[in-house]
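Heads up: the structure comes next, in structure tokens.
All of the numbers you see were taken from the coordinates with simple rules; none came from a lab. Nothing here was measured: the structure is a model prediction, and the numbers come from that model. Every residue, glycine as well, gets a Cβ built from its backbone with ideal geometry; the counts of neighbours run over all protein chains shown.
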Amino acid sequence: MDQTTRQVTILGATGSIGQSTLDVLARHPEQYQLYAVSAHTQVDKMADICRQFKPTIAVMADEASAAQLKSLLDGQGVEVRGGVDALNEIASAEQVDIVMAAIVGAVGLMPTLSAVRAGKRVLLANKETLVMAGHLFMREVAEHQAQLLPIDSEHNAMFQCLPNDYTLGKSDQGLARRGISKILLTGSGGPFRETPLDEFDHITPEQAIAHPNWSMGPKISVDSATMMNKGLELIEACWLFDVTHRDIDIVLHPESIIHSMVAYADGSVLAQMGNPDMRTPIAHALAWPNRIDSGVEPLDLIKVSQLNFEIADEQRFPCLRLARQAIQQGGTSMAILNAANEIAVQAFLSGRIKFTRISSIIDQTLQHLPSKETDSLQEILSIDQSAREHATSLIATMNI
Ligand code: NAD
Ligand code: MG
């Protein structure tokens with residue numbers, strides 16, 4: 001095994017994926033060194049990370065949080081900075097080998113793109129980047145020969161089950177030519193898979209973020225509850241593996257032991273299995289093509305005993321239907337879907353709207369804004385903004 005120490009930047013170090021990444025890094029101090037970390041405004045948590053891991057640079061989203069962190073870290077030898085430029089710099093700095101893109105939401109796009117443009121190994125957790133600008137993002141991956149590795153557990157599983165030389169960012173690989181008949185995207189169905197539909201109006205944020213199998217940040221937890229997460233993952237898979245949504249079947253698998261599968265022409269179906277713990281895909285992508293210890297409990301199949309499968313119900317989960325609709329419309333529809341979803345989920349989490357309003361806000365925003373084909377990042381960012389404004393105005397006129 002190659003023994004050089006890799007320098008790592010974690011964008012979103014205080015989040016759920018950020019914490020799991022730190023846990024894996026701490027198990028391999030000779031192989032990985034933390035170069036830089038970033039966070040939004042969680043100053044205390046960031047100070048703890050800096051004291052334990054001693055990165056060279058820590059970046060907060062704004063100058064005020066940076067000033068607070070600086071005073072907490074006085075004398076620790078960590079350079080503290082604030083703002084978007086600093087974020088882009090730690091993603092692209094020359095000494096960095098690996099960038100974990102684990103900021104939540106569309107704000108993660110620009111720093112992730114900076115890492116791609118600098119040709120880094122990019123560990124992509126931030127699925128919103130691909131949903132809003134997949135076409136552009138994958139083109140930049142190819143152009144700058146960045147090494148993209150999927151962290152989303154399903155996409156990491158697909159990557160592990162696809163042929164070894166299946167290159168992300170290389171277009172037109174042709175599933176059929178590779179003997180692949182289908183990609184099977186699995187999902188647990190979230191906490192409301194069996195909840196009576198007439199109770200959906202009364203779902204609280206606390207119930208929605210209590211996922212049965214995974215421990216995650218609040219936004220993705222709500223996405224899992226509406227199943228928009230599976231819709232976003234469908235779009236993510238199309239861009240990552242250069243396939244169409246017809247190449248992918250969604251299969252509900254409540255135990256979350258299989259993380260996705262690839263079906264081949266000869267009848268073989270390869271599945272990647274493991275306990276539902278994000279440290280597995282993180283360790284896989286950090287060390288790829290090698291394997292390292294992740295700290296995840298070995299899978300006890302006797303204890304699991306049964307694996308079940310069901311079809312995904314688009315009546316119960318209208319967000320799934322909306323995501324398919326956005327894929328079919330193409331162009332900027334997916335950016336609109338993503339932006340409206342982010343606004344609606346925030347409004348639900350802060351108690352401003354009911355759970356069932358999330359899908360209607362996205363639906364109405366998609367209907368209001370025309371979809372366009374575009375190659376311009378500027379245009380995508382401006383459409384993202386318009387969708388946010390429209391969704392916000394819809395919420396303002398709603399009486400919960
Ligand atoms: P989280 O909410 O726990 O953490 C988000 C991180 O982003 C935090 O470090 C936060 O400080 C930072 N952040 C938030 N807003 C920011 C802003 N405006 N500017 C700069 N930084 C900001 O989220 P998470 O669950 O860790 O998810 C991160 C990403 O990974 C999401 O895109 C999610 O969809 C994806 N993902 C997460 C999981 C999981 O198990 N948690 C699984 C698959 C994919
Ligand atoms: Mg996932």
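Put simply, when 267-280, 319-332, 111-124 are sorted by average Cβ atoms within 10 angstrom per residue, most first, you get 111-124, 319-332, 267-280. Other residues with beta-carbon under 14 Å from the beta-carbon of residue 82 carry, at +1 per Lys or Arg and -1 per Asp or Glu, a net charge of -3. Over the chain, what is the percentage of antiparallel beta bridges among all DSSP beta bridges, to the nearest 5? Around 25 percent of the beta bridges assigned by DSSP in the chain are antiparallel ones. For the chain, a simple Cβ point-charge model (Lys and Arg +1, Asp and Glu -1, everything else neutral) yields a dipole of about 100 debye relative to the Cα centre. Scanning the chain for DSSP H helices at least 27 Å long along the axis (C-alpha atoms) with a Kyte-Doolittle mean no lower than -0.5 picks out 377-396. Taking every DSSP helix (H) stretch of at least 4 residues in the chain, weighting each as -39,500 (n - 2.57) and dividing the sum by the residue count yields a mean residue ellipticity at 222 nm of -13500 deg cm²/dmol. Here the chain is treated as an ellipsoid with the same Cα gyration tensor; its semi-axes, largest first and in whole Å, are 30, 27, 22. Here's the list of aspartates and glutamates a cross-link from residue 354 could span, going by alpha-carbon distance under 12 Å and ignoring same-chain residues fewer than 8 apart: 199, 201.
A dipole drawn for the chain from +1 and -1 charges on Cβ atoms has a positive end, and of 200, 95, 344 the residue lying farthest that way is 95. For segment 292-400, GluC sites (Glu not before Pro) meeting the loop criterion (DSSP other than H, G, I, E, B) and having at most 14 other Cβ atoms within 10 Å: 373. As a rough guide to protection, the peptides 78-89, 30-41 ranked by mean Cβ packing within 10 Å, highest first, stand as 30-41, 78-89. Sorted on the mean count of surrounding Cβ atoms within 10 Å across their residues, most packed first, peptides 249-262, 50-63 read 249-262, 50-63.
The label point for residue 368 and the one for residue 386, both projected 7 Å from the Cα toward the Cβ, are 1.2 nm apart. Projecting the Cα positions of 159, 17, 369 onto the charge dipole of the chain (unit charges on Cβ atoms of Lys, Arg, Asp and Glu, taken about the Cα centre) puts 159 furthest along the positive direction.
The charge dipole of segment 1-79, taken about its Cα centre with unit charges on the Cβ of Lys, Arg, Asp and Glu (plus for the first two, minus for the last two), comes to roughly 120 debye. The residue among 268, 283, 334 whose Cα reaches farthest toward the positive pole of the charge dipole of segment 239-379, with charges on the beta-carbon of Lys, Arg, Asp and Glu, is 334.
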